[in-house]
Structures are given as C-alpha cells and as structure tokens.
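Participant: Following this message is one structure expressed as structure tokens.
The values are calculated or read from the model by the stated rules, or taken from the named source; none is laboratory data. Everything numeric in this text was worked out from a predicted model, so none of it was measured. As a convention, Cβ positions derive from the backbone with ideal geometry for all residues, glycine included, and neighbour counts pool all protein chains shown.
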Amino acid sequence: MKKDAFFISDSTTLAKSASALRLRSRLIAEEMKSGNFASIFKGQGIEFAGVREYLFGDDARAIDWNVTARMDRAYIKQYEEEREQTVFLIVDRSLSMETGSDTYTRLNIATETAALLLLAAQNNACPVGTVLFDGKITFSCTPKKGAENTMLILTKLAQRNQSVTQGSCLSNSIQGAEKLLKKRSMVFIISDFRSPDYEKNLARLSQKHDVVAIQVVDNNDSELPQMGLICVHDPETKATKEFDTQSKEFQQLWRENNKQSISRWKYMCERHGVIPLVISTTDDPAIRLARFFAMKERV
C-alpha cells in the first residue's frame, strides 16, 4: 500500500497542509459561488423575494396572477440568489480505495478532493457535514459552519485507522446522509463506486438534494502493463485471479470492459438526476474541480 501524504497524525503538519490546500481551493470557491454551477440544478440557489409591478419587456411567465387579480394591474414575482448553500461530503475510505498506480492511490485523490471541497465551502461560509466510511461508517457529523468544524473534518480525513473494516457500506452511508440533512443540500459522493446495491438510496437522495457523484479511477482500470501472467488480488473479497497481460485479446477486453463500466455508471447517475464526474489518480483534483464548477468541462 502506498503511503498517503495527507494522512497526518501531527497537528502542526496538518495545519500546514490545510494552509496549502486553502490556497488551492480559492478558485474552486469562486466558481462555486459564481452561479454557473448552481444554474444546472432546477431551482437551485433561488428563493422568492417578493413582487413588483410589471414593466414593459419583463418575462410574462413571471407574472403573479393572484396579486395581479387583486391589484387590477400586472405584477411579477421576484427572486434572489440564496447566499447559504449547505455542502455535504460522503467519502469512501474502503480497502479498494487504497489501490492505484504511479504516485497516488484512489484514497490520496479522494482525500484531497474532499479537503478542497471542504475548504472551498468554508471560504463561502457554507455549513459543511460529512460521512466517512469503509466497511462501516467511521465518522459522521451534521452540517455546521466555522473553522472549528472544518478542522475537525480535516483531522478525520487526515487520520487513517490501523484496522480498516472489510467491504464497503456506500449504500448505508448515502442513507445515513439523507437522515442527517434537514434542508436541501449539495452532496458530493467521492468513491470508486465498487459497491453493490447503492442505486436505490442514491436515487432517493437525489430527489431531495443536488448530488454530484465523483468516481475516482486509475490508469490500470483501462490499461494494464504487459507483465506476462499476473495474479490479481481483490483487497475486499480476498479473491484472486490470474490474467495473461501479454494477450492482445485480453488487453482489448480489459479496455472495453472498463469503458462500458464507466458508461453504465454515468448513465445510471444521469437517469437519477445525479451529476457524474470522473477524476483519475493522475489528475490534479484542484484543476479538475475548478473546471467542473466553471462548466468548462463536463465528463
């Protein structure tokens, strides 16, 4: 297992890491509050502010017919942007997230992605809550504002339990988030989504909240190095299987299977009103998130 640079036990080192991440999160924070991203959700970030008399050129669809009937002249509804957006993070820390290639594991990228979103939300004075899980829920908190809450969540993200529970309770974590959230929120689920039976709870969550599913992938998912006969080990199920990586047929099947798997996952998300985002272990999470929020790139 590769050592995650963000897993820090020393509070001073954590503070320095948080300071560096805070600088990288500023652009994300700006894009989050610009309104571009919120506009993709129906009604997101908008609340009723009152009525005013209709003026030539106003959109007739905004006419408040009840007020117009009472006043005997046309009035339109006015709205204003809701300043406070609750943010909630669901972060997968299961054993399969410890896999990866090159420099970083999926867990490295998931941790940094969650930290950047957390700090960007704090910069915009948003209440933030979280659920962290592996084979069980290891930490959860309701959305709150303030530096104290931010540092609590950062500390939990930075820590890694000595004993990780086998399996993935993604479905239960989504269900738990739904119970914790009392108002409409923007929910980010950061995972490899290698977990069964979560679709039903994901669909129910997206009916009440605006959900972004961030799948963390690795180059080995689509392209295995040619190393001859290799034995692949599943860290969660403990199952092993041999593959001939020299085989062109196997390499093609491996690529196609991964491509189809991601396509099916994206389709499932979009069918339930969830916005999918794929981040690789070779990506810079800060750049990917900034582009995503700016709507310059949709994946």
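Participant: What is the residue count in region 251-274 for residues that are in a helix (DSSP H, G or I), of a type in the set (A, V, I, L, M) and over 22 Å from residue 227 (Cα atoms)?
Facilitator: Selection size over region 251-274: 2.
Participant: Of the conditions (1) at pLDDT 70 or above; (2) outside the structural domain of residue 274 (by TED's automatic domain parsing), residue 2 satisfies every one except a single condition; which number is it?
Facilitator: For residue 2, the failing item is (1).
Participant: I'd like to check something: does region 181-195 contain any residue that is over 26 Å from residue 136 (Cβ atoms), under 26 Å from the mean Cα position of the chain (by Cα) and not hydrophobic (A, V, I, L, M, F, W, C)?
Facilitator: Within region 181-195, one or more residues are over 26 Å from residue 136 (Cβ atoms), under 26 Å from the mean Cα position of the chain (by Cα) and not hydrophobic (A, V, I, L, M, F, W, C).
Participant: Among the residues in region 191-204, are any in contact with a helix residue (DSSP H, G or I) (Cβ under 7 Å, 6 or more places away or on another chain) and more than 25 Å from residue 107 (Cα to Cα)?
Facilitator: yes
Participant: Moving on to the next point. Mind checking which residues of region 211-228 are assigned to a loop (DSSP other than H, G, I, E, B) and at negative phi?
Facilitator: Matches in region 211-228: 218, 222, 223, 224, 225, 226, 227.
Participant: Any chance region 144-162 includes a residue that's in a strand (DSSP E or B) and exposed (fewer than 15 other Cβ atoms within 10 Å of the Cβ)?
Facilitator: yes
This table checks each residue for (1) out of contact with any strand residue (DSSP E or B) (no Cβ under 9 Å at 6 or more places or on another chain); (2) without any contact (Cβ under 8 Å) to a residue 60 or more places away in the chain; (3) closer than 20 Å to residue 270 by Cβ.
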residue	(1), (2), (3)
113	no, no, no
130	no, yes, no
134	no, yes, no
138	no, yes, no
154	yes, no, no
183	no, no, no
197	yes, yes, yes
202	no, no, yes
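Participant: Residues of region 98-137 being in a strand (DSSP E or B) and surrounded by fewer than 19 Cβ atoms within 10 Å (Cβ to Cβ), which ones?
Facilitator: Passing the criteria: 101, 137.
Participant: All but one of (1) farther than 19 Å from residue 221 by Cβ; (2) out of contact with any helix residue (DSSP H, G or I) (no Cβ under 8 Å at 6 or more places or on another chain) hold for residue 116, so report the exception by its number.
Facilitator: Failing condition for residue 116: (2).
Participant: Within region 277-299, is even one residue assigned to a loop (DSSP other than H, G, I, E, B), free of Cβ contacts under 8 Å to residues at least 60 places away in the same chain and closer than 25 Å to residue 198 by Cα?
Facilitator: Looking for residues that are assigned to a loop (DSSP other than H, G, I, E, B), free of Cβ contacts under 8 Å to residues at least 60 places away in the same chain and closer than 25 Å to residue 198 by Cα, one finds at least one in region 277-299, hence yes.
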